[in-house]
1. Considering only region B:32-55, state which residues are in a loop (DSSP other than H, G, I, E, B) and more than 13 Å from B:K72 (Cβ to Cβ).
2. Can you tell me which residue within region A:116-130, out of those that are buried (at least 23 other Cβ atoms within 10 Å of the Cβ) and part of a loop (DSSP other than H, G, I, E, B), is farthest from the other protein chains (Cβ to nearest Cβ)?
3. Between a first residue in region A:214-243 that is under 28 Å from A:E344 (Cα atoms) and a second residue that is open to solvent by 30 Å² or more (accessible area, probe 1.4 Å) and assigned to a helix (DSSP H, G or I), which pairs have beta carbons less than 8 Å apart while being 6 or more apart in sequence or on different chains?
4. Mind listing whichever residues of region A:169-187 are more than 22 Å from B:S42 (Cβ to Cβ) and open to solvent by 30 Å² or more (accessible area, probe 1.4 Å)?
5. How about region A:143-168: which of its residues are away from chain B (no Cβ under 14 Å) and surrounded by 15 or more Cβ atoms within 10 Å (Cβ to Cβ)?
6. Would you point out the residue of region B:14-72, among those that are among the acidic types (D, E) and at the interface with chain A (Cβ under 8 Å from one of its Cβ atoms), that is farthest from B:R148 (Cα to Cα)?
7. Within the group B:S79, B:S42, which residue is at pLDDT below 95 and of a type outside the set (A, V, I, L, M, F, W, C)?
8. Does A:P373 satisfy the condition of being more than 14 Å from every other protein chain (Cβ to nearest Cβ), within 13 Å of ligand 3 (Cβ to nearest atom) and over 15 Å from A:A439 (Cα atoms)?
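The values are calculated or read from the model by the stated rules, or taken from the named source; none is laboratory data. All figures in this text were calculated on a predicted structure; none of them were measured in a lab. No Cβ is skipped: glycine too gets one built from the backbone with ideal geometry, and neighbour counts run over all protein chains shown. These accessible areas exclude ligands, DNA and RNA; they are computed on the full protein's heavy atoms, side chains included. Shrake-Rupley method; radii C 1.70, N 1.55, O 1.52, S 1.80 Å.
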Amino acid sequence: MELNGAQIVVQSLIDEGVEYIFGYPGGAVLHLYDAIFQQEELKHILVRHEQGATHAADGYARATGKPGVVLVTSGPGATNAVTGIATAYLDSIPLVVISGQVSLPVIGSDAFQEVDMVGITRPCVKHNFLVKDVTKLAETIKKAFYVATSGRPGPVVIDIPKDITAPNIKVPYSYPETVSIRSYNPVVTGHKGQIKKAVDLLLSAKRPIIYSGGGVVLGEASEQLIEFTRALGYPITNTLMGLGSYPATDKQNVGMLGMHGTYEANMAMHESDVIIAIGARFDDRVTGKLDLFCPYAKIIHIDIDPASISKTVRVAIPIVGDVKQVLEQMLGMIKESSIQIDTEALAQWWKQISEWQAINCLEFDRSSPLIKPQYVIEQLYEVTQGEAYVTSDVGQHQMWAAQYYKFNKPRRWINSGGLGTMGFGLPAAIGVKLAFPEANVACVTGEASIQMCIQELSTALQYKTPIKILNLNNRYMGMVRQWQEFSYESRYSHSYMDTIPEFVKLAEAYGHVGMRIDKPEEVRPTLETAFAMKDRTVFIDIMTDRTENVYPMIEAGKGHHDMKLRVAIGTSTDRELA
Amino acid sequence: MRHIISILMENESGALSRVAGLFSARGYNIESLTVAPTEDPSLSRMTLVTRGNDDIIEQITKQLNKLIDVVKLIDLADSFHIERELLMVKVKTSPEMRDEIRSMTDIFRGKIIDVTPTTYIIEMTGPSEKLDAFIAAIDPESIIEAVRSGPTGISRGELGLHL
Ligand SMILES: Cc1cc2nc3c(=O)[nH]c(=O)nc-3n(C[C@H](O)[C@H](O)[C@H](O)COP(=O)(O)OP(=O)(O)OC[C@H]3O[C@@H](n4cnc5c(N)ncnc54)[C@H](O)[C@@H]3O)c2cc1C
Ligand SMILES: Cc1ncc(C[n+]2csc(CCOP(=O)(O)OP(=O)(O)O)c2C)c(N)n1
Ligand SMILES: [Mg+2]
């Protein structure tokens, strides 16, 4: 079969099994758009801003486990995509981003809409390619998908000069079934000796804790993690990125750890004697001050990326490998091991943990006349029976969504953890809804974040992706205000917008349903009404208590055992902000 | 500690900037860097001298290995190895100084590879310290310009960096 470059791109994507491509046209990709026009298999989703394309593809990828695919033009199209690429990079999400480039002969001449996309994205991609020969196009696309999805996943950019896609140059086409790259061979099977040592240490622990992260979600190892955790009977804590990989409602789960983690999770980390980190990367939001991190613990670390191991925290037993395989190997050894778990010590440990749990660190004022954001999330959980896909933006609302929506399944919690990208939530929700049209998809956002990609409301209408947007409107960049309150003597420098749009009208202008509530008793019925509107996108503008802060909190420079807890319930209501 | 890392990588445009970019993005220092194609034209070999404690060097080698274009690498400082650097130095020569410079060059086993009525160009290879010593031994006023390649190295014995 002879195809031109543009047709090769489209056909390769189809042969790769790509369902949706999120994009925006422009000069350098016109040949590609012409090829897209002339077929029906590959469905193109026209976003309203290239950042939206990357986040939507990213949301699709996080929810499905399949790579998200993006198409943007050269120059401004490409640079607009960079924030989304970096977002995917920091959370290890597989994306393949195709950017148009000016034609080969004019590269380097400051041609119209020329930017060095390969250079700009180098530090925020797993790998990138500049295609210089049409006969290499199909193979490059295959490589891109292979690199993006294998090992530690991540975004890959393919920069394609316009002349490579020219309609008149046809070459033989066949899509390679497999591809190998001599310089790239991710290790998947763990070292047996190391695993044996780890099992021995684990079984001899007196105050153990399992600390699992996004790697379990990425590695589809939720089932293995559950079996492993139950077999040991040890407490487990998840990172923000690992939520859902172990059921939140399970009694062994002590909740999220880190800056806004639970008191019990952080205390258990601090006091533990053995920690097993599974697909988690000791992020600074998790560890707090490194010198104070887990002073009594020997640490085991399973990660597919050797560079994640001993990057910030030195570990006793590193295991490089795929979490699913390693957990299976470990389970086998645990069953055969002659070492008996010290059940008395473990019971004592659980007793200690239940004392920490009794502090009830996530309790909040339920009698407030104002809408408490935590209550909204609790109600969202109940109305959707814990089965929704929840995307979020970045800020206090993100933390409340993480703390109060009890995710029992992986890939249901879709948020930007590593880069913390405001504007992520709405386009990501569109991507999720395309992947799962029957599922409830909620976007928990804030009045500042939502304005960063608000234009995608129009995309949601065009492609009939009925999502529910819960705008926790506290009239502040709450997260910024909270830091200013704690660390800058309440000097609220520019964390407040004097003008905020009327979101109801805005939603209506985009062709959706808008609702606004400001009383706690309206929350439940409004959510029910909104979710009953199966075929409409509903924007619920929820006026929440603007003084509410996220607790517990580990402040900068503190250790896990030194958390700031909520002020006594009752005193927070009607609090005047300084 | 000083480490000398030898890298085999795909001989592709952009591979060098991936390595250089990694060092600047992660704040690692590069003391010197040399690169050239190998006998296999699809590969180039880079020698990079850097400094850092063990933790930093471990991260550097892991991060380098993570680059898709990097095929293999070794830290030559881990084993017996030989290092060489090339120096070319152009010196001003007055008639009365010529003999002295010539004999100094001989002592250091260098070669004079270009002569004009008023200048010499001296070529010298050796471990970096030897080149340092030579530079220190000649009159600094006489040096017009000096260029050094940065060290490159190879491990001794049967072990080696190859595919
Ligand atoms: C406002 C805000 C507040 C935050 N507060 C918190 C907080 O309180 N607590 C918290 O936890 N986070 C918090 N975060 C998120 C934080 O910044 C990090 O994104 C997060 O902690 C990283 O999660 P992780 O360690 O699970 O790693 P991820 O980024 O999910 O990385 C996954 C790790 O698993 C590895 N991996 C991938 N695939 C596999 C596989 N198949 N097998 C084995 N290993 C694999 C990867 O190499 C990587 O090391 C916050 C973020 C924001 C924006
Ligand atoms: C693109 C981007 N710019 C700035 C920030 C810094 N930032 C983090 S949270 C936040 C405020 C978010 O406000 P809002 O969306 O209203 O959420 P709230 O904290 O009030 O719930 C800001 C500005 C960011 N994370 N992303
Ligand atoms: Mg806000």
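1. The first filter runs over region B:32-55 and keeps only residues in a loop (DSSP other than H, G, I, E, B), leaving B:38-42, B:52-53.
Hits for region B:32-55 are B:E39, B:P41, B:S42, B:G52, B:N53.
2. A:V125
3. A:Q224/A:K324; A:Q224/A:E328; A:A231/A:K335; A:P235/A:W350
4. If we filter region A:169-187 for residues that are more than 22 Å from B:S42 (Cβ to Cβ), which is where we start, we get A:169-175, A:177, A:187.
Those that are more than 22 Å from B:S42 (Cβ to Cβ) and open to solvent by 30 Å² or more (accessible area, probe 1.4 Å): A:I169, A:K170, A:P172, A:S174, A:Y175, A:E177, A:V187.
5. Here is the first cut: in region A:143-168, the residues away from chain B (no Cβ under 14 Å) are A:160, A:162-168.
Across region A:143-168, the qualifying residues are A:I160, A:K162, A:D163, A:I164, A:T165, A:A166.
6. Taking region B:14-72 first, the residues among the acidic types (D, E) are B:31, B:39-40, B:54-55, B:58, B:69.
In the following step, the residues that additionally are at the interface with chain A (Cβ under 8 Å from one of its Cβ atoms) were identified as B:55, B:58, B:69.
Numbers: B:D55: 29, B:E58: 28, B:D69: 27 Å.
Per the criteria, the residue is B:D55.
7. B:S79 is the lone residue from the list that is at pLDDT below 95 and of a type outside the set (A, V, I, L, M, F, W, C).
8. Numbers: more than 14 Å from every other protein chain (Cβ to nearest Cβ): yes; within 13 Å of ligand 3 (Cβ to nearest atom): yes; over 15 Å from A:A439 (Cα atoms): yes.
Yes: the conditions hold for A:P373.
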